[in-house]
Amino acid sequence: MSELRPIFNALMRGKTGALLLIMQVAVTLAIVSNAAFIINDRLTYLHQETGLQDQNLFRFNLYTFGKQVDIRQQQEVDETLLRNIPGVADAVVINQVPLSGSGDSTSFNLKPSPQQSQSERAAFFMADEHLLNTLGVKLEEGRNFTAADVVYSQYYDKNAAVALVTRQFIDGLFPAGDGLGQTMYLGDIPLKIIGIVAPMKGPWLKDEKPDNVVLIPQVEGVAFKRVLVRTEAGRRDEVMQQVASVLLASESERVVSNIKGVDELLATYNSQDKLMSNMLLVLICVLLLVTALGISGLALFNVGRRTRQIGTRRALGAKKSDILRYFLLENSLVSISGMILGSILALAMSDVLMRHYSLPRLDNWFILYSLCGIYLMGMLAVYWPALRAAQIAPSIATRNV
Amino acid sequence: MLNMTNISKVYRSEMVQTHALRDFNLQVNEGEFIAVTGPSGSGKTTFLNIAGMLETYTGGTYELDGINVGKLTDNGRAELRNQKIGFIFQGFNLIPDLNLYENVEVPLRYRGIKTAERKRRIERCLEQVGLGARAKHVPAQLSGGQQQRVAIARALAGEPRFLLADEPTGNLDSLMARQVMELLESINKDGATIIMVTHDPELARRAQRNIQVVDGQICDFKLYQGGAEQQRATAGA
Ligand SMILES: Nc1ncnc2c1ncn2[C@@H]1O[C@H](COP(=O)(O)OP(=O)(O)OP(=O)(O)O)[C@@H](O)[C@H]1O
Ligand SMILES: [Mg+2]
């Protein structure tokens, strides 16, 4: 430790720009740790488990313009046709598409309206008894829909009486954990909870409660339909190319459009987050590079400025390793001072971000990781100038007065 | 204790070879005070650098206290320099960012001397050169003569057997030069061997022995007992 004292004193007395560099290291640490934390937060979000096989799922729109077409009957024909295409695992007409970023949610209550009661919001998917299998989600408790549960409605003139739910949802509505078998209300419509399904996400990952999902066995007879298809792994492209011709061959007075993989929809939905992560990553790299250059630059400048003093030190008995160590220690002092300052700055910055951008509190580990990273980088940056300093000949001390 | 036989030094740059020293032979005994004179570019600094192991030589053999210097590694030379040799430079070469205390401390740290012993030596040496009260000053706050005295204190702190001085008074006015010279003489009386390069014949005359270097060789040396006649004889030669 005592070896540091004269180095520290020299730093303080010298007009070495050390203070500027300390600030630079501090700012770098503050920004890098916060940016790394945000990136990690986004990556965790982007790579979260959705419970759905988005790469095997695709969707399309089906709009019937033929006035003579019996929509209800044609739908059954269509579903059978789709399910028979080789490579298709299952298919349903559905009211909204999971992970697509668009859809509906509603509140489910313990008592029929207008009575006030405990209520829980959820995204709701409506389709026939193939819904769970098409989503590829497992039933965990209770029973699945049967054909008998399915209600075909026209402008909601009839309503289904049962529902499947996710555990997150049911535990929200029934905190005691006794929800299975109980009845909840959509407005004044009673829905008996007959089963609990494995965790799956609704249409919006960024929803406050993305895991709240309710499945209802009901199909609305409308001219504009969304269709969700799950294929066997690796066969989706092949199936996607066929759907239009298969359906139009059966009934031509309609339009098949917007055939898209669910992973594609998800990617579009998440593109902002990806972009932000990438930009933050670039920011981190640039900052680290600039700081490394700053450290190298100041060290090189100091080597040049101190050529004579280094020669003198060599003449007075310093070994090459002593000179090397001097520069490494000096850089350590600058780095560590910058890091102490930077840690405080990082916390302050996190506080501001938390308040204005609803981000979670900075995890202290990220300060520590960034700290280690910057310290190592600083040491690497100073090593080459320090080696050059060590090569200065002792005879410089007596030459070129 | 210092023994050079047929030392030569050649500087090679792309085009030119400079024979800075050739067939340089010299023996220095313990306790001597030697003044080295000679025209500019004759090889005085080169000789001093080789004697102090700041530079390697091209040919010949050099023994210091029985150690063959040519066989040492860079680290070995640094260690030997640190232990046996004190340097005094024309430009003082104090480290501007360190105060006087820290400046004198530099060679002691490289030798790994403990804090208490360092403190004792630094205080004693600064006292010896008359700057004990100014330990906390930085070099820029001192006059040239004072700076050179600090440099001497720094050289002395390691208790070297050898003091090598390259024009120690070259940057000083005559009054300060005389003070520095008196300091060197008293150090010599205390037992240190001193080799001093100087352009000042008056100072050279005060040394026990004078060496003249011309064209990289010793051309003439004479023992001075401070006699004015001999001084004139040399000057006229
Ligand atoms: N690093 C070097 N490269 C090439 N030539 C050198 C180098 N150092 C010294 N010389 C040459 O060696 C010769 C001796 O130089 P040296 O410095 O020893 O002379 P000097 O007697 O000390 O001169 P001065 O009285 O001016 O200090 C000169 O011709 C000089 O140009
Ligand atoms: Mg010279």
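Comparing A:ALA315, A:ALA161, A:ALA292 in a Gaussian network model of chain A where C-alpha atoms under 10 Å apart are linked, the largest mean-square fluctuation is found at A:ALA315.
Centre-to-centre, using Cα atoms only, the range A:302-366 and the range A:187-256 are separated by 57 Å. Can you give the FRET efficiency for A:LYS158 and A:SER102, using 1/(1 + (r/R0)^6), R0 = 25 Å, r = Cβ-Cβ distance, to the nearest 0.05? Between A:LYS158 and A:SER102 the formula returns 0.45. Across the range B:34-45, computed HN-Hα scalar couplings (Karplus, 6.51 cos²θ - 1.76 cosθ + 1.60, θ = phi - 60°) run 10, 9, 10, 10, x, x, 4, x, 7, x, 5, 5 Hz from first to last residue, x flagging Gly and Pro. Helix content alone sets the calculated 222 nm mean residue ellipticity of the protein assembly as shown: runs of n ≥ 4 DSSP H residues at -39500 (n - 2.57) each, divided across all residues, give -14500 deg cm²/dmol.
With both residues required to sit in the protein assembly as shown, DSSP beta bridges show an antiparallel share near 65%. Rounded to two decimals, the Cα radius of gyration of chain B over 2.2 N^0.38 Å is 1.02. For A:VAL151, the residues whose amide H sits under 5 Å from its own are A:GLN218, A:VAL219, ignoring neighbours fewer than 5 places away on the same chain, with H placed 1.01 Å from N.
The distance separating the Cα centre of the range B:140-181 from that of the range B:22-70 comes to 21 Å. Would you tally the net charge around A:GLY202, using a Cβ to Cβ cut-off of less than 15 Å, leaving A:GLY202 out, and scoring K and R as +1, D and E as -1? Net charge in that neighbourhood comes out at 0. Result for chain B in a Gaussian network model with C-alpha springs under 10 Å: among B:VAL138, B:VAL180, B:VAL16, the largest mean-square fluctuation is at B:VAL16. Only Cα pairs under 8 Å and 6+ residues apart enter the sum, and on that basis the relative contact order of chain B stands at 28 percent. Taking the DSSP beta bridges with both ends in the range A:66-252, the antiparallel portion is around 65 percent.
Coupling constants for the range B:185-201 follow from the phi torsions by the Karplus curve (6.51 cos²θ - 1.76 cosθ + 1.60, θ = phi - 60°), and in residue order they are 5, 5, 5, 4, 5, 6, x, 6, 7, 10, 10, 10, 8, 8, 9, 8, x Hz; glycine and proline get x. Computed from backbone phi with θ = phi - 60° and the Karplus coefficients 6.51, -1.76 and 1.60, the 3J(HN,Hα) list for the range A:320-335 is 4, 5, 5, 5, 4, 5, 4, 5, 5, 5, 4, 5, 4, 4, 4, 4 Hz; x is used for glycine and proline. Along its principal axes, chain A has C-alpha extents of 105, 50, 31 angstrom, given from the largest down.
Using only the alpha-carbon atoms, how far is helix A:364-390 inclined from the longest principal axis of chain A? Give it as 0 to 90 degrees, nearest 10. The two axes meet at around 40 degrees.
Can you tell which of A:VAL97, B:ILE211, A:PHE327 lies farthest toward the positive end of the dipole of the protein assembly as shown, using +1 and -1 charges on the Cβ of basic and acidic side chains (Lys, Arg; Asp, Glu)? Positive-most Cα among the choices belongs to B:ILE211.
Amide H contacts under 5 Å for A:ALA89: A:ARG230, A:THR231, A:GLU232, restricted to partners 5 or more places along the chain or on a different chain, H placed in the peptide plane at 1.01 Å from N. Mind checking the angle between helix A:236-250 and chain A's longest principal axis? C-alpha axes, 0 to 90 degrees, to the nearest 10. Tilt relative to chain A: about 30 degrees.
I'd like the antiparallel share, as a percent to the nearest 5, of DSSP beta bridges with both residues in the range B:2-236. Here the antiparallel bridges make up roughly 55 percent for the range B:2-236. Less than 5 angstrom separates the built amide H of A:PHE125 from those of A:VAL214, A:LEU215, A:ILE216, all sequence-distant by 5 or more or on a different chain. How much net charge surrounds A:PRO385 when only other residues with a Cβ under 15 Å from its Cβ are counted (Lys, Arg +1; Asp, Glu -1)? Here the count lands on +4.
Since every read-out is calculated from the coordinates, none of them should be taken as a lab result. All figures in this text were calculated on a predicted structure; none of them were measured in a lab. Heads up, the Cβs are rebuilt from the backbone with ideal geometry, glycines too, and the neighbour counts pull from every protein chain shown.
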